[in-house]
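One structure below.
The values are calculated or read from the model by the stated rules, or taken from the named source; none is laboratory data. No experiment lies behind these values; they were computed from the predicted model shown. Here the Cβ positions follow ideal geometry from the backbone for every residue, glycine too, while neighbour counts run over all protein chains shown.
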Amino acid sequence: MTEKISRASGETAVASATAAAAAAPVILSNEPGSFAWGVLAKRHPALIQQVRNAFPYGRRQHEALDALLDESSNGVVEPLVPEEPDHERWADWGREHFGRPWFDTPFLWAESYFYRRLLGAIEYFGTGPWQGVDPFAPFKQAELRGEAVEEELRALDALADAPAGERATALLHASLWGNRADLGFRASAGESPAGEAAASTLVADDSAALWQLLPAGASATVAVVADNAGRELIPDLILIDHLLEHRHAERVVLHVKPYPYYVSDAMTADVVDCLRRLTEAPGEAGRIGGRLWKAMAAGSLEVRTHSFFCAPLPYEKMPEDLRKEFAGVTLTILKGDLNYRRLVGDRMWDATTSFAELTAYYPGPVAALRTLKSDVIAGLQQETLDDLEGSGTAWRTSGTHALIQVRK
């Protein structure tokens, strides 16, 4: 009887989400001045120039980058050439979009395809000397070796002896904020464990529900789907260490991208770079790095990847093997803005639309840790939304607000 009720409840939630989707338009990039328009019109051309300047590419790569810039700014979407290894896959994904102006295609799809085309232009998937050379590596490495990371790692020493609950909150917030990790690593008497600034800008906070799913001493397996490398991946790894060290999880699987994506998205090589950065650090950071290195060898921390993580599709369309994997864990933690967009759907939802209903399809308990950097948002209380809308700030896209949302 309980199973029938649960199934019926799930079917009701899916039906409600379907009805909400009918009233929530897919986000396009064709409204001048909108956030999505700015990404295609300004951010992508700037990125092409940055990549061009970062490596001594030859004439062929420069000509291909010129062609991509012209096409994505002024032309229509062209398919991959048949010789590309994933031509058939993208032919299926782009069937409805090829031949249309880039700005008239769904924002999520256009962003993903832009990065795939950028890799093609610099011959990342080719057989020549640029095969497998990450065009974003210089940006990631510069951040990882910067003074900000040094300062944040030093701050861990003050947190080492903090009570477990205070430390857990601080590290969860550090992972949430990513490149504002300094808000999370600092804890001192009389302050919110994660800092007053961090706590006051959370638009939703289901952290209590997250910890309820991961009580200390439970034989839990946690999947963490990473977002960015460098300064954002380090707090994720430190949170993972806390989960393992304090027995909130017996095993953690860290999912990363199979190839460069969205400038700073984490790959296996970036995990290795971050682990080395930690192990080389003095004090508490070095001890954490050493534990994580041993956890990798012991199998309690495993890194995995899947081609779907670079697909222009929502998680609702994940392949069966990935669905089965997420169904078998205690909790999946999805990090960052892109994962959130793929989790709930890249649409202009009514911001009070139920997060639980939009994620009812997901094959197990799921938590979203996200700094807001795009228009998509769901699951807000009406009072919270009214306050945000009345603030006169670009709270949806500026990275000044964040959320922790959980669907059990």
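Would you point out the residue of the stretch 245-266, among those that are farther than 28 Å from Gly217 by Cβ and among the charged types (D, E, K, R), that is surrounded by the most Cβ atoms within 10 Å (Cβ to Cβ)?
Asp265
Say we look at the stretch 252-268 and pick out the residues that are in a loop (DSSP other than H, G, I, E, B) and not aliphatic (A, V, I, L, M); which of these is nearest to Gly299 (Cα to Cα)?
This residue is Pro258.
Could you check the stretch 326-356 and list, in sequence order, the residues that are over 25 Å from Ser264 (Cα atoms) and of a type in the set (D, E, K, R)?
Within the stretch 326-356, just Asp350 meets the criteria.
Condition first: charged (D, E, K, R) and surrounded by 24 or more Cβ atoms within 10 Å (Cβ to Cβ). Now tell me which residues in the stretch 221-244 satisfy that.
Scanning the stretch 221-244 gives Asp227, Glu232, Asp236.
For residues that are β-branched (Val, Ile, Thr) and surrounded by fewer than 22 Cβ atoms within 10 Å (Cβ to Cβ), tally how many sit in the stretch 375-403.
Matching residues across the stretch 375-403 total 4.
Could you please give the count of residues in the stretch 382-408 that are of a type in the set (S, T, N, Q) and free of Cβ contacts under 8 Å to residues at least 40 places away in the same chain?
Here the count works out to 4.
For the stretch 44-61, what are the residues that are in contact (Cβ under 8 Å) with a residue 40 or more places away in the chain and either in contact with a helix residue (DSSP H, G or I) (Cβ under 6 Å, 6 or more places away or on another chain) or among the basic types (Lys, Arg) (or both)?
Filtering the stretch 44-61 for residues in contact (Cβ under 8 Å) with a residue 40 or more places away in the chain gives 44, 47-48, 50-51, 54-55, 57, 60-61.
Residues satisfying the conditions are His44, Ile48, Ala54, Arg60.
Go through the residues of the stretch 83-95 one by one and say whether even a single one is modelled with pLDDT of 95 or more and within 28 Å of Cys274 (Cβ to Cβ).
Yes, that holds for at least one residue.
Could you tell me whether the stretch 285-303 includes any residue that is among the charged types (D, E, K, R) and either in contact with a helix residue (DSSP H, G or I) (Cβ under 8 Å, 6 or more places away or on another chain) or at positive phi (or both)?
yes
Would you point out which residue out of Arg342, Arg370 is of a type in the set (D, E, K, R), touching a strand residue (DSSP E or B) at 6+ places or on another chain (Cβ under 6 Å), surrounded by 22 or more Cβ atoms within 10 Å (Cβ to Cβ) and closer than 24 Å to Phe107 by Cα?
The conditions single out Arg370.
Can you tell me how many residues within the stretch 28-44 are outside any loop (DSSP other than H, G, I, E, B) and either among the hydroxyl-bearing types (Ser, Thr, Tyr) or closer than 16 Å to Ala394 by Cα (or both)?
5
Restricting the search to the stretch 305-328, which residues are out of contact with any Gly (no Cβ under 7 Å at 6 or more places or on another chain), in a helix (DSSP H, G or I), without any contact (Cβ under 8 Å) to a residue 40 or more places away in the chain and not aromatic (Phe, Trp, Tyr)?
Lys317, Glu320, Asp321, Leu322, Lys324 - these are the residues of the stretch 305-328 that are out of contact with any Gly (no Cβ under 7 Å at 6 or more places or on another chain), in a helix (DSSP H, G or I), without any contact (Cβ under 8 Å) to a residue 40 or more places away in the chain and not aromatic (Phe, Trp, Tyr).
Suppose we filter the stretch 271-304 for residues that are among the β-branched types (Val, Ile, Thr) and in a strand (DSSP E or B); how many remain?
So the answer is 1.
Can you name the residue in the stretch 61-84 that is in a loop (DSSP other than H, G, I, E, B) and touching a Phe, Trp or Tyr at 6+ places or on another chain (Cβ under 6 Å) and, of all such residues, is farthest from Phe125 (Cα to Cα)?
Val77
Say we look at the stretch 100-136 and pick out the residues that are over 26 Å from the mean Cα position of the chain (by Cα) and under 19 Å from Leu69 (Cβ atoms); which of these is surrounded by the fewest Cβ atoms within 10 Å (Cβ to Cβ)?
Within the stretch 100-136, the match that is surrounded by the fewest Cβ atoms within 10 Å (Cβ to Cβ) is Arg100.
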